[in-house]
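Visitor: My questions all concern the structure below.
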C-alpha cells in the first residue's frame, strides 16, 4: 500500500512540475504577432539563406530583437517566442 501511494505521489509531482516548466507557445505566438510582425513578415523564418541555424542562435536572435525594440519582456516571454518560432518554422531539436 505504501509503495502504491508513494508511486502515485511521485507521479503526480512529476506531472505537476512538467506542466510548470512547459512553455506557453500560444503566448509566444501572440507576442510574435504583436511585436515581430511590425518589422517583418513570416517569410524571414522560411527563406533559404536564413541566418539562424541552431536553437541557441534562434533564442539569441529573439533576445536581440526584444532588446532593440525595448520590449522589456521577461525571460519567459523570450522563451515562449523562441519555442513558438521553433515549433512553427525552424524545427530545431
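No lab work stands behind these numbers, since they all come straight from the coordinates. Keep in mind it's a predicted model, so treat the numbers as computed, not measured. Quick reminder, even Gly has a Cβ in these numbers, built from the backbone with ideal geometry, and neighbours come from all protein chains shown.
Visitor: Give the value in nm², to one decimal: projected area of the alpha carbon convex hull of segment 24-90, averaged over all directions.
Guide: One quarter of the hull surface, i.e. the mean projection, equals 4.0 nm².
Visitor: If I take every Cα pair under 8 Å that is 6 or more residues apart in segment 24-90, average their sequence separation and divide by the length, what percent do I get for the relative contact order?
Guide: That works out to 58 percent.
Visitor: I've got another one for you. For the pair residue 88/residue 43, report the inter-label distance in nm, with labels modelled 7 Å from Cα in the Cβ direction.
Guide: 1.7 nm
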